[in-house]
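Asks: Below is one structure. I have some questions about it.
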2 protein chains.
Amino acid sequence: MFSKTCEYAIRAVLFIAQKSEDGSKVGIREIAKGIDSPEHFIAKILQDLSRKGLVQSQKGPSGGFYLDKTSLHATLADVVRVVDGDKIFSGCALGLKQCSEIKPCPLHHEFKKIREDILRFLQSAKLGEFNRQLEQDLFFLKR
Amino acid sequence: MFSKTCEYAIRAVLFIAQKSEDGSKVGIREIAKGIDSPEHFIAKILQDLSRKGLVQSQKGPSGGFYLDKTSLHATLADVVRVVDGDKIFSGCALGLKQCSEIKPCPLHHEFKKIREDILRFLQSAKLGEFNRQLEQDLFFLKR
DNA sequence: ATAAAAAAGGATAAAAAAGTCTTTTATATT
DNA sequence: AATATAAAAGACTTTTTTATCCTTTTTTAT
């Protein structure tokens, strides 16, 4: 469904969201542990998200990654789009380039609904909105 | 969503379904052209589907691939499962191994519904049931 | 029998994705 | 100002996926 990169990205961003609710920053090492991902790999992914403005970072001692007000209101759809592009939202299930309403593949109509459901959910899900459940161990980001 | 291999597999199988409704067989070359796929690659994929019994084949002059009665009643879900396994039906959206009802990732509950929708559709879609629309150019398998 | 047609199979190549390592740059603290 | 810390950057390696090529085997029609 998502690329591995995107899976890690979402997990990392939700982890950071939780940690940065009270304004604190969190380092790569802690993130990697917190979401059980390869340290260098998630570092690279976060660099990218940072360049694109979806997470914030500060170098140096007591630095780390965090989400500002704006980023806390970004959605999972924003993250997915930045990492995987929007083929998941608009691509053809059978890989046809010109698949569309007027030239549909056999799965087009059904998958249109499904893709809309996915988009609807991801667009409605703000990065900051899982903090409570994560805090209370109702949701998990590793294993 | 699906691997490229699986996309080709589905397209090929639907193409063969259409051609073999009247009992005729179709060669690799024609299949590759019919679904606009690399010839050698789709050959490989069909070998695999053939070994697993989802398509039938006959060697020699006037041979080719076809679907018998049973295969015409197989479903898209069968094809997907054979090619991609069932991670699309049961895997965690965030790649967690132990994600489940009692230890869910933040996307679990929403994606459960989505995966069920996908499975419901793929399981209900018999390979032979698109023939009419393909014949009438209401559905397409290439470009 | 034989030639032609077609799938089966094995080996390899190319491309993309995933993951690792090392160096550089910024900055907070001392 | 010096130092230690932490992210940024980029090069590199490995693994997986996608694709190609070539030989062998099987089957059918002549």
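The values are calculated or read from the model by the stated rules, or taken from the named source; none is laboratory data. All values reported here derive from a predicted model rather than from experimental measurement. Virtual Cβ from ideal backbone geometry, glycine too; neighbours counted across all protein chains shown. Ligands, DNA and RNA are stripped out before the accessible areas are found, and what is left, the full protein with its side chains, is counted by its heavy atoms. Shrake-Rupley method; radii C 1.70, N 1.55, O 1.52, S 1.80 Å.
Asks: Kirkwood hydrodynamic radius of the stretch B:4-135 from all distinct Cα pairs, in Å?
Replies: Roughly 15.9 Å, rounded to one decimal.
Asks: Do the sum for chain A: with -39,500 (n - 2.57) for every DSSP H run of n ≥ 4, divided by all residues, what is the mean residue ellipticity at 222 nm, to the nearest 500 deg cm²/dmol?
Replies: -15500 deg cm²/dmol
Asks: Calculate the FRET efficiency for A:K33 and B:K87 from the Cβ-Cβ distance with a Förster distance of 25 Å, rounded to the nearest 0.05. Write down the numbers at each step before the final one.
Replies: Working: r = 26 Å, r/R0 = 1.02.
According to the calculation, E is roughly 0.45.
Asks: Now for a separate question. Which angle between 0 and 90 degrees, to the nearest 10, do you get for helix B:39-51 versus the longest principal axis of chain B when only C-alpha atoms count?
Replies: Between the helix axis and the principal axis of chain B, the angle is about 80 degrees.
Asks: Give the interface area between chains B and A as buried accessible surface, both sides summed, probe 1.4 Å, in Å² to the nearest 100.
Replies: Working: alone 8860 and 8890 Å², together 14530 Å².
Buried surface at the B/A interface: approximately 3200 Å².
Asks: At B:G63, with labels set 7 Å past Cα in the Cβ direction, how many nm apart are the copies from this one, shortest first?
Replies: 6.5
Asks: May I ask which of B:K69/B:K97; B:K87/B:K126; A:K52/A:K112; B:K44/B:K87; A:K52/A:K97 have a Cα-Cα span longer than 31 Å here? Intermediate values should be presented prior to the final figure.
Replies: Numbers: B:K69/B:K97 38 Å; B:K87/B:K126 21 Å; A:K52/A:K112 29 Å; B:K44/B:K87 22 Å; A:K52/A:K97 27 Å.
Too far apart for the 31 Å limit: B:K69/B:K97.
Asks: Also: Can you compute log10 of I(q)/I(0) for the stretch B:104-143 with the Debye formula, treating each Cα as one identical point scatterer, at q = 0.14, 0.32 Å⁻¹?
Replies: Each listed q maps to, in turn, -0.51, -0.99.
Asks: For the stretch A:28-63 and the stretch B:86-143, what is the centre-to-centre distance using only Cα atoms, to the nearest Å?
Replies: 32
Asks: Rounding to the nearest 10 and keeping the result within 0 to 90°, find how far the Cα-based axis of helix A:108-124 lies from the longest principal axis of chain A.
Replies: Around 20 degrees separate the two axes.
Asks: From the label point of A:E135, set 7 Å from Cα along Cα→Cβ, how far away are the matching label points in the other copies, in nm, ordered shortest to longest?
Replies: When each copy's label point is compared with this one, the spacings are 6.3 nm.
Asks: With an 8 Å Cα cut-off and a minimum separation of 6 or more residues, compute the relative contact order for the stretch A:21-105 in percent. Before the final figure, lay out the partial values.
Replies: Numbers: 58 pairs, mean separation 19.2, N = 85.
This gives 23 percent for the stretch A:21-105.
Asks: Count, for each residue of A:102-113, the Cβ atoms from other chains sitting within 10 Å of its Cβ, then give me the mean as a whole number. If you can, show how the numbers build up before the last one.
Replies: Numbers: counts 0, 5, 4, 10, 13, 12, 2, 2, 7, 4, 0, 2.
Mean partner shielding for this stretch: 5.
Asks: What is the P(r) of the protein assembly as shown, as percent of Cα-Cα pairs per 5 Å bin from 0?
Replies: Reading the bins upward from 0: 1, 5, 11, 15, 15, 12, 10, 9, 8, 6, 4, 2, 1, 0, 0.
Asks: Another question about this same structure. What are the distances, in nm and sorted shortest first, from the label point of A:G85 to the label points of the same position in each other copy, with each label point placed 7 Å from Cα along the Cα-to-Cβ direction?
Replies: 2.5
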